[in-house]
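Reviewing the structure listed below.
The values are calculated or read from the model by the stated rules, or taken from the named source; none is laboratory data. Fair warning: this is a prediction, and the values are worked out from it, not measured in the lab. For neighbour counting, all protein chains shown are included, and Cβ atoms are generated from backbone atoms with ideal geometry for every residue, glycine included. Quick note on the areas: whole protein, heavy atoms, side chains included, nothing else; ligands and nucleic acids left out. Shrake-Rupley method; radii C 1.70, N 1.55, O 1.52, S 1.80 Å.
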Amino acid sequence: VPIVSTRCGGPEDYVRKAQNGILCKFNADDIAKAIKSILHDGSLRKTLAVSARQTVENEYNFPCFKK
């Protein structure tokens with residue numbers, strides 16, 4: 001799934017802006033804007049979701065689970 005997170009001292013290490021997710025400010029308006037952009041843009045949603053999975057498989061998966 002695409003990731004929407006705030007910059008709160010952790011997600012910045014694995015969420016890459018416009019690659020596998022969206023990092024936003026810690027306020028409701030910015031979070032809602034990020035979620036709406038993913039909901040209304042199917043291409044963006046698919047791109048972020050595929051890249052998010054690739055990030056996990058390539059960087060955070062145990063070798064025995066890799067295909």
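If you go through segment 20-48 and pick out every residue that is open to solvent by less than 70 Å² (accessible area, probe 1.4 Å) and either among the β-branched types (Val, Ile, Thr) or out of contact with any strand residue (DSSP E or B) (no Cβ under 8 Å at 6 or more places or on another chain) (or both), you end up with 8. Taken over segment 51-67, the criterion of being open to solvent by 70 Å² or more (accessible area, probe 1.4 Å) and part of a helix (DSSP H, G or I) is satisfied by 53, 54, 56, 58, 59, 63, 64, 65.
Taking the numbered list (1) out of contact with any helix residue (DSSP H, G or I) (no Cβ under 9 Å at 6 or more places or on another chain); (2) among the charged types (D, E, K, R); (3) surrounded by 15 or more Cβ atoms within 10 Å (Cβ to Cβ) in turn, residue 17 passes all entries but (3). Among the residues of segment 20-67, the ones that are acidic (Asp, Glu) and in contact with a helix residue (DSSP H, G or I) (Cβ under 6 Å, 6 or more places away or on another chain) come to 0 in all. Restricting the first member to segment 14-43 and to residues that are touching a residue at least 40 places away in the same chain (Cβ under 8 Å), and the second to residues that are of a type outside the set (Ser, Thr, Tyr), no beta-carbon pair is closer than 6 Å while six or more apart or on different chains. Scanning segment 11-29 for residues that are closer than 15 Å to residue 56 by Cα and either of a type outside the set (A, V, I, L, M, F, W, C) or assigned to a strand (DSSP E or B) (or both), we see that the one that is nearest to the chain's Cα centre (by Cα) is 21.
Residue-level check: of (1) in contact (Cβ under 8 Å) with a residue 24 or more places away in the chain; (2) exposed (fewer than 14 other Cβ atoms within 10 Å of the Cβ); (3) of a type outside the set (A, V, I, L, M, F, W, C), residue 2 misses just (2).
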